[in-house]
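Take a look at the structure below.
The values are calculated or read from the model by the stated rules, or taken from the named source; none is laboratory data. Quick caveat, the model's predicted, so the values are computed rather than measured. Virtual Cβ from ideal backbone geometry, glycine too; neighbours counted across all protein chains shown. Quick note on the areas: whole protein, heavy atoms, side chains included, nothing else; ligands and nucleic acids left out. Shrake-Rupley method; radii C 1.70, N 1.55, O 1.52, S 1.80 Å.
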Amino acid sequence: MKAFMIEGKDRSGVIDIPEPALTDEHSVKVQVESCGICGTDLKIMEGKHTQSIGQKRIPGHEFAGVVVAVGAAVEGLTPGDRVVHEPIAYCGRCYACRNGQGNVCGSLQVTGCNRSGGMEELFVAPQRQWHRLPDWITWDQAALIEPYTIAAQVCARADARPGDVMLIHGAGPIGLMLADTAMHMGLTVMVSEVSEGRLALARALGVPHVLNPREENVGEAALRITKGEGPNIVCDCAGLPQMAEEAFRILSPAGRFVPVAGVPFTCDGYLAMRKQLTVVASRLQMHQFVPVIARFGLYQQNAQRMITDIFDFHDVQEAFAYACQRKPTTGKIVLRFHAARG
Ligand SMILES: [Zn+2]
Ligand SMILES: [Zn+2]
């Protein structure tokens, strides 16, 4: 079968590898139909992904497909079923796992990151890493379910509630899916972004407050929009350390800051104490696939708007070259394995 292998910085290509067999009685074999290209995949390609440096890697963690074989102990999934992949596998025994946070398990295995990913024709994983996909979600849209679970996790970790005001820095796919998720939860959302192309996409999704730091002071705008109280949640999806400092200044008392992009930052401990702020980190997701699939009807239109480019899997090399240009008008890029099947 065909697989897309990254062998090192800028050395990659489609190769032939043996078809995978079921690994045990709980495993499920899936014929991949669609796979999203994520920033993490680009980092692997560019040799900037710490867990993959010096390793050969088949990337891809945002994928869906059709079940072709199931182990003897698998119940509730049969060949022909449509499924989406959950990319995390955890030990179930360590402190994080015992506390319901398997997504930060000490021996966490992430598909397409520190183990083989979905940019190949067939993929085998335990049944618990597959979720049934309703017929009304298209293959292209199915590739956005995983990043939508990341957005759902951010909202859960930030204790987002209807009526809260959330400021999101960065309108890349995660920032936009977070905005969409928060809007549907009843939050008031502001998005700040320097790229006009991405701002246009944010507007198209219905974000009510779209701010460009090159044109206005975002902190002041956020205070004005909230009538001086400040946003209740600030999420950094842009990876700008100065945004953290500003967040501590403008957050309302009892506010929450979520460093989604995960860059180092310094914070003012006095302001944090004074306003009893919470810094809450969010990594990957835990138990978000089932609710996100159930709610996907809410996101479907915007999910479709975010898909700006579709490539045939045979052109994966070209798709990565295009993605690495990081054009401001690029939303989500999806690879399709069998274009004719709709
Ligand atoms: Zn991703
Ligand atoms: Zn664990």
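Structure above, values below:
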{"item": "Single condition M166 does not satisfy, out of (1) more than 20 Å from the chain's Cα centre (by Cα); (2) not in a helix (DSSP H, G or I)", "result": "(1)"}
{"item": "Elements of type helices (runs of 4 or more DSSP H) contained in the stretch 219-306, each with 1 or more residues being out of contact with any strand residue (DSSP E or B) (no Cβ under 8 Å at 6 or more places or on another chain), open to solvent by less than 40 Å² (accessible area, probe 1.4 Å) and in the same structural domain as V83 (by TED's automatic domain parsing)", "result": "289-306"}
{"item": "Whichever residue in the stretch 76-98 is touching a residue at least 60 places away in the same chain (Cβ under 8 Å) and of a type in the set (A, V, I, L, M, F, W, C) and, among such residues, is nearest to G8 (Cα to Cα)", "result": "I88"}
{"item": "Meets criteria (of a type outside the set (A, V, I, L, M, F, W, C), open to solvent by 50 Å² or more (accessible area, probe 1.4 Å), outside any helix (DSSP H, G or I) and free of Cβ contacts under 8 Å to residues at least 24 places away in the same chain) for E215", "result": "yes"}
{"item": "Selection from the stretch 187-212 of residues that are part of a loop (DSSP other than H, G, I, E, B) and open to solvent by 50 Å² or more (accessible area, probe 1.4 Å)", "result": "V194, P208"}
{"item": "Qualifying positions in the stretch 85-141 - more than 10 Å from ligand 2 (Cβ to nearest atom), part of a strand (DSSP E or B) and either in contact with a Leu (Cβ under 8 Å, 6 or more places away or on another chain) or farther than 24 Å from G71 by Cβ (or both)", "result": "I88, V110, V124, W130, R132"}
{"item": "Residue that is farthest from ligand 1 (Cβ to nearest atom), among those in the stretch 103-120 that are of a type in the set (S, T, N, Q) and over 19 Å from G54 (Cβ atoms)", "result": "S107"}
{"item": "Selection status of A73, surrounded by fewer than 21 Cβ atoms within 10 Å (Cβ to Cβ), out of contact with any Lys or Arg (no Cβ under 9 Å at 6 or more places or on another chain) and touching a residue at least 40 places away in the same chain (Cβ under 8 Å)", "result": "yes"}
{"item": "Residue under evaluation S52, criteria (1) of a type in the set (S, T, Y); (2) closer than 21 Å to C35 by Cα; (3) modelled with pLDDT of 95 or more, criterion not met", "result": "(3)"}
{"item": "Residue in the stretch 82-102 that is in contact with a strand residue (DSSP E or B) (Cβ under 6 Å, 6 or more places away or on another chain), within 16 Å of ligand 1 (Cβ to nearest atom) and open to solvent by 50 Å² or more (accessible area, probe 1.4 Å) present", "result": "no"}
{"item": "Residues of the stretch 27-55 satisfying the condition of being crowded, with 16+ Cβ neighbours inside 10 Å and in a loop (DSSP other than H, G, I, E, B)", "result": "C38, H49, S52"}
{"item": "Filtered residues of the stretch 313-342 (kept if open to solvent by 50 Å² or more (accessible area, probe 1.4 Å) and in contact with a helix residue (DSSP H, G or I) (Cβ under 6 Å, 6 or more places away or on another chain))", "result": "P328, T329"}
{"item": "Considering residues of the stretch 56-84 that are part of a loop (DSSP other than H, G, I, E, B) and aliphatic (A, V, I, L, M) only, the residue farthest from ligand 2 (Cβ to nearest atom)", "result": "A72"}
{"item": "Condition check for G118: out of contact with any helix residue (DSSP H, G or I) (no Cβ under 9 Å at 6 or more places or on another chain) and open to solvent by less than 20 Å² (accessible area, probe 1.4 Å)", "result": "yes"}
